[in-house]
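The values are calculated or read from the model by the stated rules, or taken from the named source; none is laboratory data. Since this is a predicted model, take the numbers as computed values, not measurements. When we count neighbours, we look across all protein chains shown, and the Cβ atoms used for this are built from the backbone with ideal geometry, even at glycine. Accessible surface areas use protein heavy atoms only, side chains included; no ligands, DNA or RNA. Shrake-Rupley method; radii C 1.70, N 1.55, O 1.52, S 1.80 Å.
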Amino acid sequence: MNHKNIPLLDLKAQYQQIKPHIDKAFERVLSSQHFILGPEVNTFELEVALYTHSKYAIGVSSGSDALILALMALGVGPGDEVITTPYTFFATVGAISRLGAKPVFVDIDPDTFNIDTDKVEPYISDKTKAIIPVHLFGQCSDMAPILAIAHKYKLKVIEDAAQAIGASQSNKAAGSMGDIGCFSCFPAKNLGAFGDAGFISCQDEDLAEKMRVLRAHGSKPKYYHQYIGGNFRLDALQAAVLREKLQFLDAWTKKRQENAAFYQESLNTIPKLKLPKVKDNNTHVFNQYMLQVAPEQRDSLCQHLKDKGIATALYYPLPLHLQKCFTDLGYTKGDFPVAEHCALSSFAIPIYPELGQDNLNYIVQAIKNFFD
């Protein structure tokens, strides 16, 4: 095996492919000199609403701010509880805590890394206001039971679809099934901006309008404040970049799915390796491609791949219920055993669209060599 240098994500390769489109986008914005919200953002919102099968989309400053804004719009605050997963990026839970509400964790499904819907109902109390299922790594949580529970107890559902643009379940798009969908356009996402950006999807006109007002300091008209909002506005430059990239997203997603299919076919003969499982009614967009091995083997396998020039990453090495900043919630080790096991056993390998067959073969061979 010749030594290679394969990053986890190659944004330079993507940029070279679309540079003329990006140049055109920047020229549009620079000529207009309209940098915050405005026509570019409005058009992006229309295009991305269509893409996510939503009536409305609201461009925001980041996926993290999307979550905060969604919770604010639903009136979540001190004394409220929000049910979610301990196995997700910090922003999901940070948003709940920042508004003075209490995150209530539920363990995850060992096959999908998503919230275990069979375990949700016992955690509901008279303080529960909402549920945030996370569509982790590009595959939707099992939404039918979540929506049924929400209907039964009159709860709101916020889909954390930060990693799942283009994913679907039973032909329904991620972000279109709950009350609100929150998307991140962080540069490493399948639809990534040139900095922080995000958007919210929504089916309800009044709720969409409230979020538009809240993202601009709660003011409408300017200097007249209906709510205590925040500065969650999307930059026009980011919207312009995202509009250009959106045209390529389906092709990029298809390539990720083809790369994943190659991995599935090539690595399924290794009994000690657990591959991603895609539920029958789901379309997975593989924002990450996650493998699992016995915890005692993971670090040595990742080191072996690093020695061969293959980048890997841990998503996420310490579940949120064990993070120092959440000690006041009173959770201890052993409370969510599936999440804790996944944190110790899982890792991501490169899946980006521009990988190429030569690199895919090299990665597969390197993994096989480790187990041989």
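For Lys156, the amide hydrogen comes within under 5 Å of the amide hydrogens of Ala130, Ile131, counting only partners 5 or more places away or on other chains and with H modelled in the peptide plane. Note on Lys255 and Leu314: the extension gain reaches 19.0 nm, defined as 0.36 nm multiplied by sequence separation minus the Cα-Cα distance. Over the chain, the Kirkwood radius and the radius of gyration, each from Cα atoms, give a ratio Rg/Rh of 0.97.
Put the Cα centre of the range 96-157 next to the Cα centre of the range 282-323 and the gap is 24 Å. For the chain, the share of accessible area belonging to carbon and sulfur comes to 53 percent (1.4 Å probe, ligands and nucleic acids excluded).
Annotation note: GluC sites (Glu not before Pro) in the range 126-209 located in DSSP loop regions with a Cβ neighbour count of at most 15 within 10 Å are absent. Taking square-rooted eigenvalues a ≥ b ≥ c of the alpha carbon gyration tensor, is the range 66-157 rounded, prolate or oblate, where a/c under 1.5 means rounded and, failing that, a/b exceeding b/c means prolate? In terms of gyration-tensor shape, oblate. The phi-based Karplus calculation (6.51 cos²θ - 1.76 cosθ + 1.60; θ = phi - 60°) puts the 3J(HN,Hα) values of the range 119-125 at 9, 6, 4, x, 8, 6, 10 Hz, whole numbers, x for Gly and Pro.
For the chain, the solvent-accessible area works out to 44 Å² per residue, with a probe of 1.4 Å and every protein chain left in place. Which shape class applies to the range 104-254: rounded if a/c is under 1.5, otherwise prolate when a/b exceeds b/c and oblate if not, where a ≥ b ≥ c are the square roots of the Cα gyration tensor eigenvalues? Oblate.
Note on Ser170/Ala148: beta-carbon distance plugged into 1/(1 + (r/R0)^6) with R0 of 22 Å gives a FRET efficiency of 0.95. Considering only Arg233, Arg28, Arg215, give the residue with the highest GNM mean-square fluctuation for the chain, with springs between Cα atoms whenever their separation is below 10 Å. Top of the fluctuation ranking is Arg28. Considering only Cα-Cα distances, which of the following residue pairs are longer than 23 Å: Lys19/Lys172; Lys19/Lys306; Lys127/Lys154; Lys24/Lys255? In this structure, Lys19/Lys172; Lys19/Lys306; Lys24/Lys255 exceed 23 Å between Cα atoms. Once the gyration tensor of the Cα atoms in the range 1-59 is diagonalised, the equivalent ellipsoid follows with semi-axes of 32, 19, 9 Å, ordered largest first.
Placing unit charges on the Cβ atoms of the charged side chains and taking the dipole of the chain about its Cα centre, the candidate lying farthest along the positive direction among Leu214, Ala73, Leu355 is Leu214.
Please build a GNM for the chain, connecting alpha carbons under 10 Å apart, and tell me which residue among Pro39, Pro122, Pro103 fluctuates the most. Checking each option, the largest mean-square fluctuation is seen for Pro122. So the label point goes 7 Å from the Cα of Lys222 along Cα→C-beta, right? Which residues of the range 18-59 then have their backbone N under 13 Å from it? Backbone N within reach: 34-38. Report the longest stretch of the chain that contains none of the chymotrypsin sites (Phe, Trp or Tyr not before Pro) sitting in a DSSP loop with at most 11 other Cβ atoms within 10 Å. Longest gap between qualifying sites, sites excluded: 1-222. The calculated FRET efficiency for Asp372 paired with Gln16, based on their beta-carbon distance and R0 = 35 Å, is about 0.45. With a/c under 1.5 counting as rounded, go ahead and sort the range 235-372 into rounded, prolate or oblate using the C-alpha gyration tensor (a ≥ b ≥ c being the square roots of the eigenvalues; past the cut-off, prolate if a/b is larger than b/c, else oblate). Because a/c hits 1.5 or more and a/b fails to exceed b/c, the range 235-372 counts as oblate. In the elastic network of the chain, a GNM with C-alpha springs shorter than 10 Å, the most mobile of Ala261, Ala66, Ala162 is Ala261.
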